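Student: Let me give you the structure first, and then I'll get to my questions.
Readers should treat all values here as calculations from the given coordinates under stated rules, not as data from a laboratory. Just so it is clear, the model here is predicted, and its values are computed rather than measured. Cβ coordinates were reconstructed from backbone atoms using ideal geometry, including for glycine residues, and neighbour counts include every protein chain displayed.
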Amino acid sequence: MGGIGKTQLALRYASEYENDYDNISVVIAETENTCISSFQAFLRKINHPETEAKEADAIIQAVHQWMHDNDNWLFIFDHVEDESSVKKYIPASRSGRRHILITSRNTQCIDAATINLNVLSKRDACIMLVKYTRNSSDEFCEKLAEELGYLPLALDHAGAYMNISKDSFKDYLELFFKKKEELFSEDRKLFFDETIAATLNITLEKIGENTAARQLLYICAFFAAENIHKEFLKTASQVLPDELREATADDVEFNKAIDELVKYSFIFQDDEGVISIHRLMREVIRESPENEQSLWRSRCILILNELIFFDFSNRELRERFRILAAHITAVTNDNIIEETEELANLFYFLGWGYDDLADYELALEYYGKALSIKKKVLGEEHPNTATTYNNIAVVYKNRCNYELALEYYGKALSINEKVLGAEHPDTATTCNNMAVAYHKTGDYELASEYFSKALTIREKVLGKDHPATAATYNNLATVYEAQGKTVLALEYYSKASAIEDKVSGLEHHSSASKYNDLAAVYFAQGDYDLALENYKKALAVVEKVLGKEHPITVATYNNIANVYDNMGKYERALEYFSKALAVVEKVSGTEHPDTATTYNNMALVYDNRGRYKPALEYYGKALSIYEKVLGTEHPDTATIYNNMANVYDAQGKYKLALEYYRKALAIYGNVLGEEHPYYKGTNEAMKNTAQRRG
């Protein structure tokens, strides 16, 4: 049951036996976010390289690998709700001194040896009260212990109160009976032990004069139970209730409010000033009347609006997101909450963050919630509604579901054109995004059309020397290059390069784009030395400015590898492809199209060297991802079929070669058309193979 002391017993065990373990870690197992945050904190503690990983699966795998490779450890999984919530975090098998200790209210939570905790004995309950109060034990002490049900949390609160008030056991017993009568004469159902409610309310009246402390307690109760940082409240001070806002402006007064709650055992504060609150205490406070609940939830929503952000460029920011996500979930998990723009902002923040963490299902769920509220509150044709449509489309694009991506981009474009106008920068951005999606589907005509629309707007509104205009020139160049229109591609790459050279410094990442574009031109001309020189200039900039795990850095690794491949320097090509692969597997995961692309690139190198076995191995890895993520009718899937057919053809396995050429040809014909170069090239290769087969 709640308030029995499960967590305290687990921590006491860890303290008593700490010398028997090389590593002891606590996992707050209440939610997915708290589990992942705890695992990340563990990886940071041991300086593990996967500390920077964004994907939850990569973080879990890293911790499990450490568990497998090490002995003499204890992991305490605290506040487990049920088996499903924690199963994937606990390694499947353990041997040696590798211990898992779980605290839970659910006796059936997992298949493990169970220790059921009961309330204290009468003797121990009385000893606890006497130690707290320094009063002599008497008949009223025994009576109070009995009335408190020998429940440790209730005894703790009563003892803390009497320690400060200097009341006798008899005095407190009278208060307790009076408070119980007041509380439970009301016609409302409580979902917790009434003794906890009574002891809590007695103490709440005692601190009633310290309004700031009471306000802080209620905010903590509606937040998640763990990781309530003092800095959160100081940052959001302008939306706090008056008394608490004044207290946060003065560290001494703020600490007084916190100390007031700590001494009565309402909250706990660790050495770093991070606050937590007992879950049963939260339940009592959160069972207040609906109007009071709504008031405090609304206040917490305003606080959280002051804390959200949209930059996830480093580990600290991603960890901060997970902490805030747990608080947002705790505050918003009730139907009585009012649908406001501020609530929509929090859901939008969660959608953005989960998209960045590649948790696309949760991203869509929260963007969907944000969209529903924005349509009601702001209207279906508001620019913010359009922005949410756009971001939902981005998630579908990241999942390579281009059909739904284009549908939502279309909704955003319709609103922007109607509300902002056909020549607004936001309209241009949506046109650009739609063009990217069409490019991914292999529809180069529509990609070119929408890139051209974006370019017209940006040249007119932003000017011909704006970085966004340069980006559109560059995008058009990629389409022309894919269409085999080399002259136009070179022309537009040069235009983009000229703008970036003019507006960006040598150490700005835009200058890296300039070097990349120049390198692409030299590469297209077959001048590999100059291509390599410029790609390496680009790499030096992006590694310094953006970091080694940025997508542009990864793209540059791939570009350098491609040049080495064409120069016949296969070992150097594999070296740079391996660098790219290490990053994309870590950042995007092992089932992402970017990972598949790098597998394909590595396979091509092995193919060019005549090493067909590893070539087919990497083509197979790429194909597995593409078929799963993009589907069996996607041009990228067809390209893998085509590449595998080339290998089988080179090995003289003509039957298999023809089988895979036919698969590729069918997709190219259906999606790109029979006039597309990919279709014609595959068709010609298939004819040649058929002739060799006889």
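Student: Return a whole-number percent for the relative contact order of the chain, with Cα pairs under 8 Å and 6 or more residues apart as the contact set. All intermediate terms of the calculation are to be shown ahead of the outcome.
Tutor: Details: 968 pairs, mean separation 46.6, N = 694.
After rounding, I find 7 percent.
Student: Between GLU381 and ILE115, 0.36 nm times their residue separation minus their Cα-Cα distance comes to what? Show your work: numbers first, answer last.
Tutor: Working: separation 266, 0.36 × 266 = 95.76 nm, distance 5.82 nm.
Here the answer is 89.9 nm.
Student: Any idea what the dipole of region 141-271 comes to, in debye rounded to 20, about its Cα centre with Lys/Arg Cβ at +1 and Asp/Glu Cβ at -1?
Tutor: With Lys and Arg at +1 and Asp and Glu at -1, about 140 debye.
Student: Measure of size requested: the Rg and Dmax of region 196-281, with Cα atoms as the atom set and Å as the unit; please supply both.
Tutor: 12.0, 34
Student: Can you tell me the order of 681-690, 363-372 when each peptide is scored by its average per-residue count of other Cβ atoms within 10 angstrom, highest first?
Tutor: 363-372, 681-690
Student: Where in region 1-42 does the amide nitrogen come within less than 17 Å of the point 7 Å from the Cα of LYS88, taken along Cα to Cβ?
Tutor: The answer is 28-40.
Student: Cα to Cα, under 28 Å, and not fewer than 8 places away if on the same chain: which lysines meet these conditions relative to LYS143?
Tutor: The reachable lysines, counting only those whose Cα sits under 28 Å from LYS143, are LYS6, LYS122, LYS131, LYS166, LYS170, LYS178, LYS179, LYS180, LYS189, LYS206, LYS263.
Student: Any idea how far apart GLU627 and PHE177 come out in nm if each label point goes 7 Å out from Cα toward Cβ?
Tutor: That separation, rounded to one decimal, is 7.7 nm.
Student: Given 10 Å bins starting at zero, what is the percent of C-alpha pairs of region 588-694 in each, up to the one with the largest pair distance?
Tutor: Histogram of Cα-Cα distances, whole percents per bin: 17, 45, 33, 4, 0.
Student: So, R0 is 41 Å and r is the distance between the beta-carbons of ASP138 and GLU272; what FRET efficiency does that work out to, to 0.05?
Tutor: 0.45
Student: Tabulate in residue order the Karplus-calculated ³J(HN,Hα) for region 299-315, using 6.51 cos²θ - 1.76 cosθ + 1.60 with θ = phi - 60°, rounded to whole Hz; enter x for Gly and Pro.
Tutor: 5, 5, 5, 5, 4, 5, 4, 6, 9, 6, 8, 9, 10, 10, 7, 9, 4
Student: Kindly give the semi-axes, whole Å and largest first, of the ellipsoid equivalent to the chain, taking each as the square root of 5 times a Cα gyration tensor eigenvalue. Working shown, then result.
Tutor: Numbers: eigenvalues 709, 182, 95 Å².
Gyration-tensor ellipsoid for the chain: 60, 30, 22 Å.
Student: Which loop GluC sites (Glu not before Pro) in region 195-233, with loop taken from DSSP, have no more than 15 other Cβ atoms within 10 angstrom of their Cβ?
Tutor: GLU209
Student: Per-residue HN-Hα couplings for region 457-466, Karplus 6.51 cos²θ - 1.76 cosθ + 1.60 at θ = phi - 60°, whole Hz, x for Gly and Pro?
Tutor: 5, 5, 4, 6, 8, 9, x, 6, 10, 7
Student: Rounded to the nearest 0.05, what FRET efficiency do LYS655 and GLU533 give with R0 = 51 Å and r taken as the Cβ-Cβ distance? Could you check?
Tutor: Computed FRET efficiency for LYS655 and GLU533: 0.65.
Student: What spacing in nm lies between the two simple spin-label points modelled at GLN525 and ALA540, each 7 Å away from Cα in the Cβ direction?
Tutor: Placing both labels 7 Å beyond Cα along the Cβ direction yields 2.1 nm.
Student: Over all directions, the average projected area of the alpha-carbon convex hull for region 273-317 comes to how many nm²? Numbers along the way, then the final one.
Tutor: Details: hull surface 19.0 nm².
Across all orientations, region 273-317 yields a mean hull projection of 4.7 nm².
Student: When a/c reaches 1.5 or more, the comparison of a/b and b/c decides; with that in mind, is region 553-637 rounded, prolate or oblate per its Cα gyration tensor?
Tutor: Cα axes put region 553-637 in the oblate bin.
Student: Taking a virtual spin label 7 Å from the Cα of HIS99 along the C-beta vector, which residues in region 20-51 bring their backbone nitrogen under 17 Å of it?
Tutor: 20-27
Student: Here is a follow-up. Relative contact order of region 6-104: what whole-number percent is it, with Cα pairs under 8 angstrom and at least 6 residues apart?
Tutor: Over region 6-104, the number comes to 35 percent.
Student: To continue, here is another question. Toward the positive end of the charge dipole of the chain, about the Cα centre and with charges on Cβ (Lys, Arg +1; Asp, Glu -1), which of GLY620, ALA685, LEU216 goes farthest?
Tutor: So the residue we want is ALA685.
Student: Quick one: which residues, 5 or more positions from ILE267 or on another chain, have an amide H under 5 Å from its amide H? H modelled 1.01 Å from N in the peptide plane, none for Pro or chain starts.
Tutor: The answer is VAL262.
Student: Given charges of +1 on the Cβ of Lys and Arg and -1 on the Cβ of Asp and Glu, with all other atoms neutral, how large is the dipole of the chain about its Cα centre, in debye to the nearest 20?
Tutor: Using Cβ point charges on Lys, Arg, Asp and Glu, the chain gives about 2100 debye.
Student: Where does the chain land at 222 nm, in deg cm²/dmol rounded to the nearest 500, when only DSSP H runs of n ≥ 4 count, each adding -39500 (n - 2.57), divided by all residues?
Tutor: Mean residue ellipticity at 222 nm (helix-derived): -22000 deg cm²/dmol.
Student: Continuing with this model, one more query. What is the Cα coordinate range of region 122-205 on the first, second and third principal axes, sorted by size from largest, in whole angstrom?
Tutor: Projected onto the principal axes, the Cα atoms of region 122-205 cover 38, 23, 18 Å.
Student: Report, for the chain, the % of DSSP beta bridges that are antiparallel, rounded to 5.
Tutor: Rounded to the nearest five, the antiparallel share is 30 percent.
Student: Compute the distance from the alpha-carbon center of region 348-409 to that of region 10-84, in whole Å.
Tutor: Computed from Cα coordinates, the inter-centre distance equals 33 Å.
Student: Between LYS613 and LEU420, what is the label-to-label distance in nm when each label sits 7 Å out along the Cα-to-Cβ direction?
Tutor: 5.6
Student: How large is the direction-averaged shadow of the alpha-carbon convex hull of region 6-104, in nm²?
Tutor: 5.9
Student: Sticking with this structure for a sec: With axes computed from alpha carbons, what is the tilt in degrees of helix 152-165 against the longest principal axis of the chain, rounded to the nearest 10 within 0 to 90?
Tutor: Here the helix axis deviates by roughly 60 degrees.
Student: Set the Förster radius R0 to 22 Å, insert the Cβ-Cβ distance between GLU449 and ALA498 as r into 1/(1 + (r/R0)^6), and round the FRET efficiency to 0.05.
Tutor: Efficiency at R0 = 22 Å is approximately 0.35.
Student: Right, another one. Could you tell me which residue out of LEU630, ALA344, ILE207 lies farthest along the dipole of the chain toward its positive end? Charges go on the beta carbon: Lys and Arg +1, Asp and Glu -1, centred on the Cα centre.
Tutor: Positive-most Cα among the choices belongs to LEU630.
Student: Quickly rank 557-569, 10-22, 211-223 as a protection proxy: mean count of other C-beta atoms within 10 Å, highest first.
Tutor: Top of the packing list down: 211-223, 557-569, 10-22.
Student: A further question on this structure: On a 0 to 90 degree scale, rounded to 10, what angle separates helix 360-377 from the longest Cα axis of the chain?
Tutor: Taking the Cα atoms of the chain, the angle to 360-377 is about 80 degrees.
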